[in-house]
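*Asks:* I'd like to ask some things about the structure below.
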């Protein structure tokens with residue numbers, strides 16, 4: 001009987017040790033998790049300090065010399081982001097409303113979000129210039145003739161500049177059915193009144 005009692009004591013002691021070790025390991029895991037959470041919190045605060053410093057001193061170039069390389073990298077990153085966004089807009093055929101910042105169709109005359117009218121090309125981002133004679137349409141970017149009041153490709157009104165010279169007339173195959181303006185063969189819209197022509 002004494003042997004069995006001894007064995008029972010050893011088993012009981014072993015069980016207590018195992019339970020104690022398991023509890024200790026669980027506490028270690030919890031503490032490690034707490035350490036990681038605090039480290040993340042510290043890193044977030046460091047990032048916020050850096051952002052505040054950039055906002056306070058970068059615009060006026062008052063940052064200390066040791067921070068200048070980092071500020072330059074941030075500026076270049078912002079420029080790349082702007083370029084990527086502009087490329088995305090061109091691919092999606094969108095433009096940004098200068099009043100509310102919403103993205104709208106590049107052919108839109110009015111912002112769908114705030115109702116701002118896009119009366120001239122300076123109110124939103126210009127499309128890339130086109131090659132060849134004439135000038136780019138401020139709405140679709142395709143080439144139009146100097147003096148055209150409407151784009152022959154998208155039909156949108158083209159803002160006129162003061163003392164703008166009339167374009168040299170070209171040979172046309174037909175005239176506009178509404179205003180009688182001579183048309184260049186293949187144009188879908190009249191360059192003077194914007195009326196869509198029969199195809």
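The values are calculated or read from the model by the stated rules, or taken from the named source; none is laboratory data. Being a predicted model, the structure only gives us computed values, none of them experimental. When we count neighbours, we look across all protein chains shown, and the Cβ atoms used for this are built from the backbone with ideal geometry, even at glycine.
*Asks:* Going through 113, 158 one at a time, which residue ends up being modelled with pLDDT of 70 or more, closer than 22 Å to residue 90 by Cβ and surrounded by 17 or more Cβ atoms within 10 Å (Cβ to Cβ)? Before the answer, list the steps.
*Replies:* On the way: 113 fails: surrounded by 17 or more Cβ atoms within 10 Å (Cβ to Cβ).
Answer to the selection: 158.
*Asks:* Same structure, new question: Could you figure out which of (1) modelled with pLDDT of 75 or more; (2) outside the structural domain of residue 100 (by TED's automatic domain parsing); (3) within 22 Å of residue 92 (Cα to Cα) isn't true of residue 147?
*Replies:* Every condition holds for residue 147 apart from (3).
*Asks:* Something else now. Please list, ordered by first then second residue, the pairs with beta carbon atoms under 6 Å, 6 or more apart or interchain, first in segment 88-109 and on the phi > 0 side of the Ramachandran plot, second surrounded by 16 or more Cβ atoms within 10 Å (Cβ to Cβ).
*Replies:* 93/106
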